[in-house]
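The values are calculated or read from the model by the stated rules, or taken from the named source; none is laboratory data. This structure is a prediction, so every number in the text was calculated from the model and none was measured. Cβ coordinates were reconstructed from backbone atoms using ideal geometry, including for glycine residues, and neighbour counts include every protein chain displayed.
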Amino acid sequence: MILKRYLAVFLISMVPVLELRGALIMAATDRFFIPFELALPIAVLGNLVPVPFILFLFEKILRFCSRRRWIGPLLQRFWARAEAKAEKVGKAEFWSVFLFVAIPLPGTGAWTGSLVASVLKMKRGKALLAITLGVVCAGLIVGALAYLLPDVFHALFY
């Protein structure tokens, strides 16, 4: 039964919208409880599984689709705008991607961070490091909130 919980945390952390944040919140619930020191590494690993695939394949898929008549012009405009904005980031690309992934807001995370790194044309190793550090940082922030906040409310109001 406990192995199913670990697997659920791992799989949920791979889902694009939920990612590590959703997995850690689920792991912190009374019904599903997994200790933070176990939940964090499981969620981080699960969240990082799709990253190399996105880093290696995103640009290729985008280029392939941009040659299609029905979506090509839209994707070409998107890519041109993204490349123009990427030039502004310049040397700060590592810290930009790290902070983008590390700050646990909706729409930020490993999936989007991987897409941003692809658009910035970061070296894959550098991008993977920035995303990994960002995911760990986001996990610590979300974990602190998910695991400690209920205890604080309980102590204050009960």
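Among the residues making up the stretch 1-58, those that are under 24 Å from Ala130 (Cβ atoms) and outside any helix (DSSP H, G or I) are Ser13, Met14, Val15, Pro16, Val17, Leu18, Val49, Pro50.
Which of the residues that make up the stretch 1-32 are of a type in the set (Asp, Glu) and free of Cβ contacts under 8 Å to residues at least 12 places away in the same chain? Break it down into steps so the answer makes sense when it comes.
Here is the first cut: in the stretch 1-32, the ones of a type in the set (Asp, Glu) are 19, 30.
Correct list: Asp30 only.
Hey, does the stretch 33-54 have a residue that's more than 21 Å from Pro104 (Cβ to Cβ) and either β-branched (Val, Ile, Thr) or in contact (Cβ under 8 Å) with a residue 12 or more places away in the chain (or both)? Break it down stepwise before answering.
Taking the stretch 33-54 and keeping what is more than 21 Å from Pro104 (Cβ to Cβ), we get 52-53.
Applying the additional criterion that residues be either β-branched (Val, Ile, Thr) or in contact (Cβ under 8 Å) with a residue 12 or more places away in the chain (or both) yields 52.
Within the stretch 33-54, one or more residues are more than 21 Å from Pro104 (Cβ to Cβ) and either β-branched (Val, Ile, Thr) or in contact (Cβ under 8 Å) with a residue 12 or more places away in the chain (or both).
Here Phe32, Phe36 are screened, and the one residue that is among the aromatic types (Phe, Trp, Tyr), under 21 Å from Leu145 (Cβ atoms) and buried (at least 17 other Cβ atoms within 10 Å of the Cβ) is Phe36.
In the set (1) surrounded by fewer than 16 Cβ atoms within 10 Å (Cβ to Cβ); (2) within 16 Å of Ile131 (Cβ to Cβ), the condition left unmet by Lys91 is number (2).
Does at least one position in the stretch 123-138 carry a residue that is over 23 Å from Leu40 (Cα atoms) and over 16 Å from the mean Cα position of the chain (by Cα)? Let's see the steps before the verdict.
Filtering the stretch 123-138 for residues over 23 Å from Leu40 (Cα atoms) gives 123-124.
Checking the rest, the ones that are also over 16 Å from the mean Cα position of the chain (by Cα) come to 123.
Yes, because at least one residue in the stretch 123-138 is over 23 Å from Leu40 (Cα atoms) and over 16 Å from the mean Cα position of the chain (by Cα).
Applying the selection to the stretch 39-55, what residues are surrounded by 17 or more Cβ atoms within 10 Å (Cβ to Cβ) and of a type in the set (A, V, I, L, M)? Hits for the stretch 39-55 are Ala39, Leu40, Ile42, Ala43, Val44, Leu48, Val51, Ile54, Leu55.
Pairs are defined by a Cβ separation below 6 Å, a sequence spacing of at least 6 or placement on different chains, a first member in the stretch 98-111 that is within 19 Å of Ile54 (Cβ to Cβ) and at pLDDT below 90, and a second member that is surrounded by 19 or more Cβ atoms within 10 Å (Cβ to Cβ) and hydrophobic (A, V, I, L, M, F, W, C); the pairs so defined are Thr108/Phe100.
Candidates in the stretch 108-146 are the residues that are surrounded by fewer than 19 Cβ atoms within 10 Å (Cβ to Cβ) and among the hydroxyl-bearing types (Ser, Thr, Tyr); of these, the one that is farthest from Ala39 (Cα to Cα) is Thr112. The residues of the stretch 122-139 that are touching a helix residue (DSSP H, G or I) at 6+ places or on another chain (Cβ under 7 Å) and either farther than 24 Å from Ile25 by Cβ or aliphatic (A, V, I, L, M) (or both), listed by number, are Met122, Arg124, Lys126, Ala127, Leu128, Ala130, Ile131, Leu133, Val135, Val136, Ala138.
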